[in-house]
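Structure below; questions to follow.
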Amino acid sequence: MSKFIFTTDWHICFHQPSCRTDNIFKTQLDKLNALVQLCNQELPDFIIMGGDLFDSPRASDPSVLNDVIHVLKNLKSKLFY
């Protein structure tokens, strides 16, 4: 039987919402790193990303994309989205 992890709707932000007192992108990146660590500990056969990765269909900040890609490259399992 296959082992997999299903995750969805990360909604990684390109802009800091005025209602947030923290740095939302750093918080989201920390959570993403934690997810990668969990996946690498559990070593599923594959990971399914089943929803909105970003909060906008247009990448307004290439550094956000680069940071997310850098984290996801650390996955030891295949990611399907």
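The values are calculated or read from the model by the stated rules, or taken from the named source; none is laboratory data. The model shown is predicted, which means the values in this text are computed figures rather than measured ones. Note that we place each Cβ from the backbone using ideal geometry, even for glycine, and neighbour counts take in every protein chain shown. Protein only, heavy atoms only, side chains kept; ligands, DNA and RNA dropped before computing areas. Shrake-Rupley method; radii C 1.70, N 1.55, O 1.52, S 1.80 Å.
Every residue in the range 1-56 that is within 14 Å of Asn74 (Cα to Cα) and of a type in the set (S, T, N, Q), please.
Asn33, Gln37, Asn40, Gln41
Can you go through Phe80, Phe4 and tell me which one is touching a Pro at 6+ places or on another chain (Cβ under 7 Å) and either open to solvent by 60 Å² or more (accessible area, probe 1.4 Å) or of a type outside the set (Val, Ile, Thr) (or both)?
Phe4
Considering Pro17, Pro44, which residue is within 19 Å of Phe6 (Cβ to Cβ) and open to solvent by less than 50 Å² (accessible area, probe 1.4 Å)?
Pro44
Next up: What number goes with the only condition from (1) touching a Cys at 6+ places or on another chain (Cβ under 7 Å); (2) modelled with pLDDT of 95 or more that Leu43 does not pass?
(1)
When the range 1-42 is examined, which residues are found to be assigned to a loop (DSSP other than H, G, I, E, B) and either in contact with a strand residue (DSSP E or B) (Cβ under 7 Å, 6 or more places away or on another chain) or touching a residue at least 40 places away in the same chain (Cβ under 8 Å) (or both)? Before you say what the answer is, go through the steps one by one.
To start, the set of residues in the range 1-42 that are assigned to a loop (DSSP other than H, G, I, E, B) comprises 1-3, 8-11, 13-23.
Those that are assigned to a loop (DSSP other than H, G, I, E, B) and either in contact with a strand residue (DSSP E or B) (Cβ under 7 Å, 6 or more places away or on another chain) or touching a residue at least 40 places away in the same chain (Cβ under 8 Å) (or both): Ser2, Lys3, Thr8, Asp9, Trp10, His11, Cys13, Phe14, His15.
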